[in-house]
Amino acid sequence: MIKIQNFTILFLTLLMFSCTSEEQLELETQNDEQEFISIGLDLKKDFLVSQTPLKTEETQKNDLFGIQFYDSSNKPYAFLIGDDASEVLVDLKKSEDYKVKVTYIKDAKDLLYYWSDEGEWGVPLQSWGRSGTILNKVYYTSANELSWISHTSIQTRNLDSDTYAAVDRYYGAQEFTAIDDLQVIPIALKRMIFGLKLKFDLKNINDPSIDSLRFSVNTHDAGREYSIPVVEGLGTLEIPYLTIAVPECESCVIALDLALNEDYKENISISIGTFDNHTRFYDGLIPVQRNKMMVIDHVLEEEETVGGGFGS
C-alpha cells in the first residue's frame, strides 16, 4: 500500500491516504498479484512577496487543500479535499507512473462558497460530478475528479467566479513513478498571487471635488474595484494579494501549470479614475510578477496626456 504520510515544513507534515473504495477493492480482486509500496509526499510552500519573508504557519483548520492523482494514461485515479492530512492513506500501484496536482487555499472555509445540500465547495475545489465530498476522504474513481484544480477562477461566497480574487492560493504539480526507492514525492507549492501597492499624487489635477479615486483590476467579463480616499491630494492603497489570471489561457483547465516558473509574469488590465469617469487617468496594461509586490507610485494626469505604463 502506498501511504502518503504527513505534510511537511511550512505546509503539511506527511500526507497519508486510505484505501476503502469499492472501485479499488474490485481492482485488487481482479489483480491479486498487484504490489503496493509506501511513499511520502513532501510539500513546501512559496513564502516570498516583494522579497519579504512571511510568517511560517502550520496548516490551519480554516484552510483547505485539494489533491488530484492521475494515472499513466492521464486518467483521473483518486482525489480528496481536506483540512487534516494526519490520518489520510492512498493506494498506488508499484512501478506505475502517476501525476499529482495540489492546490491549497488559506482561510478557504470562510472565503469559498459551500453548497450544503450537495456537500460541495466552490471552484477550484468543486468536483466535476458534484456528488458531494467529505473532508479528508479519498475518492478512487476515473469518473469524477477535481477538474478545476489547475484553473484560475475562484468561486467565493458571493458566487462570483472571480479570477482576481483576494485569496491567498498555492499550487503545485509533480510526475513520479511508484518505486521502492522513492520515499518522498517532493512538490513545491508556488504562491499564485501578486500584490499591489498604490500611491497616487493629484497635484497636477486642479479639481478639489475629487475626494476618492476608483481603481480597478479588470478581466474580460468582470473585475475588482477599489475606492481610494484622497487626503491632501494623495491617495494610497495596498492590496496584499490578488490571484493571478494567466490571461493568455484564462479559461484553460491547465492554466496554473503555465505559471509555475519562478519568474512568471503577466500583463493585467487596470483603470484609474473617479466613480463618475472610470478611466479618467489611466486605462491600460501593467506587468506584474507572480509572488511579488508591484508598486505604482505616480503623479496622475488627465488620460489623454498619459504617455505610457507605470514604473515599478
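Throughout, read-outs are computed from the coordinates displayed, never taken from laboratory work. Bear in mind the structure is a predicted one, so any value in this text is a computation, not a measurement. Here the Cβ positions follow ideal geometry from the backbone for every residue, glycine too, while neighbour counts run over all protein chains shown.
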Of K203/K265; K137/K190; K93/K292; K137/K265; K61/K93; K94/K292, which pairs sit farther than 29 Å apart, going by alpha carbon to alpha carbon? K203/K265; K93/K292; K137/K265; K61/K93; K94/K292
Tell me whether the range 68-116 comes out rounded, prolate or oblate; compute the Cα gyration tensor, take square roots of the eigenvalues as a ≥ b ≥ c, and use a/c under 1.5 as the rounded threshold. prolate
What is the gain in length, in nm to one decimal, between N158 and I254 on full extension, counting 0.36 nm per residue of separation less the C-alpha to C-alpha distance? 32.1 nm
K61 to Y226: FRET efficiency via 1/(1 + (r/R0)^6), r the Cβ-Cβ distance, R0 41 Å, to the nearest 0.05? 0.85
